[in-house]
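Taking it in order: structure first as structure tokens, then the write-up.
The values are calculated or read from the model by the stated rules, or taken from the named source; none is laboratory data. No experiment lies behind these values; they were computed from the predicted model shown. Note: ideal-geometry Cβ built from the backbone for every residue, glycine included; neighbour counts use all protein chains shown.
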Amino acid sequence: MKKFIVPAVAVAVCCMASMGCIKNKPYVTTTNPSMTADIGSYKFVASAVTTATIDTQRYDTTTTLVITGYASDRVSPYDKIVLTVANYKRKPGTFSISQGAASGVYYHGGAVGVALGGVVNITSVSTTVTSGYFSFNTNDGIAITNGLYVANNP
């Protein structure tokens, strides 16, 4: 019986000691996600930014990155900008909207403005954060310029 209890106690002590180390050491660092853009004279500032990846099954291993910024404006609380990058491979790059490599949509007061041309750029991809810039013109004549985003990885 002693031969069993001593090793069991030693294993339990090692497990508790290692759990204490993991608990006290942060392994994941996060950033405050953000998204801003100029829409005419209006400054879009997101109160929240979410990210997701979608397996599109369009090709064998295609994944689409979706970044959504929700407006912080109290006058237009349901405004949002949605950016997508098709065939996302977790690498920096510039993705053309007119060539179908990316897309953008601006929701404002019940209207939906779909991007006809522009770019979505991923300037940096780390283990926790994706950041970049964007600009596009919508089908209803709205120009979204000077767009910047920092988003946690999905």
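Okay, here's what the table says:
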| quantity | calculated |
| --- | --- |
| Single residue of 65, 83 found to be assigned to a strand (DSSP E or B), farther than 17 Å from residue 38 by Cα and either at pLDDT below 95 or among the hydrophobic types (A, V, I, L, M, F, W, C) (or both) | 65 |
| All positions within segment 129-146 that are in contact (Cβ under 8 Å) with a residue 40 or more places away in the chain and of a type in the set (A, V, I, L, M, F, W, C) | 129, 134, 142, 143, 144 |
| Which listed residue, of 96, 47, is surrounded by fewer than 17 Cβ atoms within 10 Å (Cβ to Cβ) and farther than 20 Å from residue 123 by Cα | 47 |
| Residue that is under 18 Å from residue 153 (Cα atoms) and in contact with a Gly (Cβ under 6 Å, 6 or more places away or on another chain), where the choices are 67, 97, 81 | 81 |
| Considering residues of segment 140-154 that are more than 13 Å from the chain's Cα centre (by Cα) and outside any strand (DSSP E or B) only, the residue surrounded by the most Cβ atoms within 10 Å (Cβ to Cβ) | 142 |
| Single residue of 43, 25, 3 found to be of a type in the set (Lys, Arg) and either under 17 Å from the mean Cα position of the chain (by Cα) or modelled with pLDDT under 50 (or both) | 25 |
| Residue in segment 73-80 that is surrounded by 14 or more Cβ atoms within 10 Å (Cβ to Cβ) and of a type in the set (Phe, Trp, Tyr) present | no |
